[in-house]
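Please read the structure below before turning to the comments.
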Number of protein chains: 4
Amino acid sequence: MQIRIIATGGTFDKEYNELNGELFFKDTHIADMLRLGRSHVDVAVESLMMIDSLQMTDADRQLILGRCRDVPEERIVITHGTDTMELTAAVLGAGLSGKTVVLTGAMVPYTFGSSDGIFNLGTALAFAQTLAAGVYVAMNGRYFLWNAVRKNRSKGVFESVARSEETAG
Amino acid sequence: MQIRIIATGGTFDKEYNELNGELFFKDTHIADMLRLGRSHVDVAVESLMMIDSLQMTDADRQLILGRCRDVPEERIVITHGTDTMELTAAVLGAGLSGKTVVLTGAMVPYTFGSSDGIFNLGTALAFAQTLAAGVYVAMNGRYFLWNAVRKNRSKGVFESVARSEETAG
Amino acid sequence: MQIRIIATGGTFDKEYNELNGELFFKDTHIADMLRLGRSHVDVAVESLMMIDSLQMTDADRQLILGRCRDVPEERIVITHGTDTMELTAAVLGAGLSGKTVVLTGAMVPYTFGSSDGIFNLGTALAFAQTLAAGVYVAMNGRYFLWNAVRKNRSKGVFESVARSEETAG
Amino acid sequence: MQIRIIATGGTFDKEYNELNGELFFKDTHIADMLRLGRSHVDVAVESLMMIDSLQMTDADRQLILGRCRDVPEERIVITHGTDTMELTAAVLGAGLSGKTVVLTGAMVPYTFGSSDGIFNLGTALAFAQTLAAGVYVAMNGRYFLWNAVRKNRSKGVFESVARSEETAG
């Protein structure tokens with residue numbers, strides 16, 4: 001059972017530009033992180049886009065949805081900025097069926113010392129191997145159904161919300 | 001749903017003694033690791049023993065088994081040295097029922113820069129939330145049933161083996 | 001021989017705010033860094049200001065100059081943003097005599113994994129113990145007289161320039 | 001002014017073997033460390049031996065002495081295990097003249113998270129650029145003349161001792 005990992009950017013993959021003091025994207029660090037974790041999960045990694053999730057458009061989300069449909073794998077991990085992770089999860093949740101998709105990200109870039117990225121990637125890979133078909137967010141060690149999660153921006157933590165009536169499967 | 005985390009030692013929790021250049025145990029780093037992972041999983045952490053798994057005796061394994069039975073939680077993560085993890089898993093697998101127990105560890109101490117510990121703890125916590133009752137080893141991003149796993153010592157990797165006839169559930 | 005360490009901020013002491021993705025100042029990390037370096041140099045550490053050196057005003061520089069005059073120590077290390085380090089060095093070089101002052105900083109915040117901060121602090125402390133009275137910049141493992149240094153912004157490296165005629169001692 | 005850096009091993013360059021849990025030597029990390037420090041000091045790095053300083057023989061020390069004489073540079077940094085650093089310093093101090101030699105090391109391997117190695121390398125490079133001809137130990141942010149230093153093994157700290165009469169220059 002191979003798992004597809006689709007990188008889209010987010011804090012997870014940001015780096016520090018020491019010439020101007022700004023954060024930017026170069027490449028995804030997923031391969032490095034899997035090496036650090038001594039992962040032997042059978043994965044195919046692809047970098048679909050490398051953007052801040054606040055810049056993510058509807059077209060980008062449709063691209064992600066299309067990619068989830070097109071790849072042969074039935075189990076998918078998506079790395080994503082945390083700010084709009086619930087929006088992308090909603091698009092995937094409404095538009096996809098028969099696949100297990102787990103979105104994850106990080107509050108601190110992987111390249112910084114204190115990142116939660118490697119922990120989150122571990123949980124996401126594990127949830128992707130074990131959860132039934134559906135779209136989930138994996139953050140803070142927990143998993144949430146796509147229509148029952150929100151990021152608490154003041155605390156920087158993902159939490160459960162009552163499942164939205166109109167969208168629940 | 002609370003998860004019990006039982007620390008028993010292993011490379012996971014070893015530290016470097018800068019006075020004599022030897023590795024030793026002080027306290028478990030699980031609380032630090034959960035903080036780094038921004039974990040909001042409901043957990044109770046206890047340090048049952050702090051030993052190298054090569055030094056672990058049958059009595060120690062019975063102690064771990066007894067503790068798994070006694071704690072109120074039905075989902076348990078055990079951090080453990082990798083060298084005899086499969087032995088302890090076998091004792092638990094044969095002696096315990098109705099609980100989900102996930103053993104994990106690390107190839108490199110958490111306090112060293114290049115540890116797989118935080119990744120492994122992430123996967124173990126996720127597997128403990130999602131797998132059915134049973135005893136598992138979570139290493140290298142994967143999970144293995146207690147009677148179908150062995151550590152490949154020359155590669156430092158856990159791999160599947162044909163499930164042992166006499167012990168398979 | 002006690003050395004005064006005066007923190008003024010700069011990239012050196014920036015931290016990542018995981019709630020909004022911006023860099024900010026809290027406290028100086030000099031005490032942590034000295035602990036990491038197992039330093040037994042006799043030092044007095046003070047945090048005079050905690051600002052980005054691009055925001056530093058003439059008044060701020062006069063404050064630093066005054067502080068260098070007032071402290072009893074004859075050897076001083078100043079941590080400072082790299083963008084205007086040469087400007088502060090020039091103010092100190094023109095206004096101070098009889099003391100050894102070494103300015104240093106970092107291209108990457110200490111709290112990020114790949115910081116040059118601890119290396120630079122080591123060099124600055126060593127130069128402060130050995131150089132004659134004068135004002136110096138210590139970056140990239142080297143030291144430069146205050147009137148013979150400039151930051152090459154495109155390379156992110158400090159380099160020697162011909163000593164300015166009018167200011168040279 | 002080029003500086004010669006001679007690596008001889010020691011805790012500084014030890015690595016963790018995750019297959020057997022033992023520390024071992026592969027290559028020196030000096031190039032990596034200089035890169036981390038964004039060093040632009042003009043250096044030539046060589047790895048003369050890669051051993052624990054407790055295993056260092058008189059022949060090894062003569063080899064180091066010979067190498068210090070032979071290299072064209074007048075300023076030399078030697079990385080060395082801390083346990084017998086003062087012995088090698090004494091051999092060099094008695095047998096070498098006209099060159100500035102600075103020995104340094106680390107209490108914790110560079111590859112571990114909490115190493116003092118990069119701080120020490122910074123101080124050693126700075127001392128090598130500024131101190132007069134002589135043989136010195138640079139540890140704990142300080143420098144010591146070769147005949148006035150000893151490692152306090154119970155504290156893991158280098159400290160001054162009264163200069164030995166018979167050997168003082």
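The values are calculated or read from the model by the stated rules, or taken from the named source; none is laboratory data. The structure presented is a predicted model; accordingly, all values stated were derived computationally and were not measured. Heads up, the Cβs are rebuilt from the backbone with ideal geometry, glycines too, and the neighbour counts pull from every protein chain shown. Calculation scope for accessible area: heavy atoms of the full protein, side chains included, ligands and nucleic acids excluded. Shrake-Rupley method; radii C 1.70, N 1.55, O 1.52, S 1.80 Å.
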Task: Rg [Å, one decimal], Dmax [Å, integer] - the stretch B:26-73, C-alpha atoms - done: 13.1, 36
Task: Cβ-Cβ FRET estimate between residue A:32 and residue D:162, R0 fixed at 56 Å, reported to 0.05 - done: 0.60
TODO: Would you mind checking which residues have amide H under 5 Å from residue C:14's amide H? H placed 1.01 Å from N; only 5 or more apart, or other chain.
DONE: C:110
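Using the crude model of +1 on Lys and Arg Cβ and -1 on Asp and Glu Cβ, and no other charge, please compute the dipole size for chain A relative to its Cα centre, in debye to 20. Write out the running numbers ahead of the final one.
Values: 16 positive and 20 negative charges, 91 e Å.
It comes to approximately 440 debye.
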Open item on the list: Quick check on the stretch A:1-44: take the gyration tensor over C-alpha atoms, sort the square-rooted eigenvalues as a ≥ b ≥ c, and tell me if it's rounded (a/c under 1.5), prolate or oblate.
Closed with: prolate
Open item on the list: Explain nothing, just the number: dipole magnitude of the protein assembly as shown about its Cα centre with +1 on each Lys and Arg Cβ and -1 on each Asp and Glu Cβ, in debye rounded to the nearest 20.
Closed with: 0
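So which GluC sites (Glu not before Pro) in the stretch C:109-169 are both in a DSSP loop and have at most 12 other Cβ atoms within 10 Å of their Cβ?
Answer by residue number: C:165, C:166.
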Task: Residue-averaged [θ]222 nm for chain A, counting only DSSP H segments that reach four residues, each worth -39500 (n - 2.57) - done: -8000 deg cm²/dmol
Task: Listed residue (D:123, D:55, D:87) projecting farthest to the positive dipole end of the stretch D:53-169, Cβ model - done: D:123
Open item on the list: Over all directions, the average projected area of the alpha-carbon convex hull for the stretch A:4-132 comes to how many nm²?
Closed with: 7.6
Open item on the list: Which one, C:25, C:45, C:10, is farthest towards the positive end of the dipole of the stretch C:1-51 when Lys and Arg carry +1 and Asp and Glu -1 on their Cβ?
Closed with: C:45
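Report the FRET efficiency, 1/(1 + (r/R0)^6), for residue B:42 and residue D:22, where r is their Cβ-Cβ distance and R0 is 41 Å, rounded to 0.05. Numbers along the way, then the final one.
Working: r = 38 Å, r/R0 = 0.94.
That gives a FRET efficiency of 0.60.
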TODO: May I ask you to report, in nm to one decimal and beginning with the shortest, the distances from residue C:2 to the same position in the other copies, taking label points 7 Å along Cα-to-Cβ?
DONE: 4.4, 5.0, 6.6
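Which semi-axes, in whole Å and largest first, does the equivalent ellipsoid of the protein assembly as shown have when worked out from the alpha carbon gyration tensor as the square roots of 5 times its eigenvalues?
Values: eigenvalues 486, 213, 78 Å².
So the equivalent ellipsoid measures 49, 33, 20 Å along its semi-axes.
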TODO: Find the chain A residue whose Cβ sits closest to the rotation axis that carries A onto D, and give that distance in whole Å.
DONE: A:113, 4
Open item on the list: How big is the dipole moment of the stretch C:31-94 about its Cα centre under a simple scheme where the beta carbon of each Lys and Arg is +1, that of each Asp and Glu is -1, and everything else is neutral? Debye, nearest 20, please.
Closed with: 180
- [ ] Report, to the nearest whole %, how much of the accessible area of the stretch C:3-97 belongs to carbon and sulfur atoms, 1.4 Å probe, protein only.
- [x] 47
Open item on the list: In the stretch D:111-128, what residues drop by 30 Å² or more of accessible area when the other protein chains are put back, versus the chain on its own? Use 1.4 Å, and skip ligands and nucleic acids.
Closed with: D:112, D:113, D:114, D:116, D:118, D:119, D:122, D:126, D:127
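Can you tell me the convex hull volume per residue for the stretch C:52-127, based on C-alpha atoms, in Å³ to the nearest whole number?
On the way: hull volume 6.7 nm³, N = 76.
Dividing the Cα hull volume of the stretch C:52-127 by its residue count gives 88 Å³.
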Task: Per residue accessible area in Å² of the protein assembly as shown, where ligands, DNA and RNA are left out and the probe is 1.4 Å - done: 39
Task: Other copies of residue D:46: label-to-label distances in nm, shortest first, labels 7 Å along the beta-carbon direction - done: 4.8, 5.3, 6.1
- [ ] Compare A:57, A:100, A:28 in a GNM of chain A, Cα atoms joined below 10 Å, and give the one with the largest fluctuation.
- [x] A:57
Task: Among the listed pairs A:99/B:155; A:155/C:14; B:26/B:99, those beyond 23 Å (Cα-Cα) - done: A:99/B:155; B:26/B:99
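Set the Förster distance to 30 Å, then compute FRET efficiency between residue C:49 and residue D:114 from the Cβ-Cβ distance, nearest 0.05. Show your work: numbers first, answer last.
Values: r = 29 Å, r/R0 = 0.98.
Rounded to the nearest 0.05, the efficiency is 0.55.
Using the Kirkwood radius over Cα pairs, work out the Stokes-Einstein diffusion coefficient for the stretch B:66-169 at 25 °C and 0.890 mPa s, in µm²/s as a whole number.
On the way: Rh = 13.8 Å.
It comes out at roughly 178 µm²/s.
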Task: Amide H contacts of residue C:150 (H built 1.01 Å from N, under 5 Å, at least 5 apart or other chain) - done: C:159, C:161
- [ ] Report the paramagnetic label zone for residue A:87: residues of the stretch A:32-58 whose backbone N is under 16 Å from a point 7 Å from Cα along the Cα-to-Cβ axis.
- [x] A:50-58
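D for the stretch C:104-165, whole µm²/s, Stokes-Einstein with Kirkwood Rh over alpha-carbon pairs at 4 °C and 1.567 mPa s: what number?
105
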Task: Label spacing, shortest first and in nm, from residue C:155 to its equivalents in the remaining copies (7 angstrom along Cα→Cβ) - done: 4.2, 4.7, 5.0
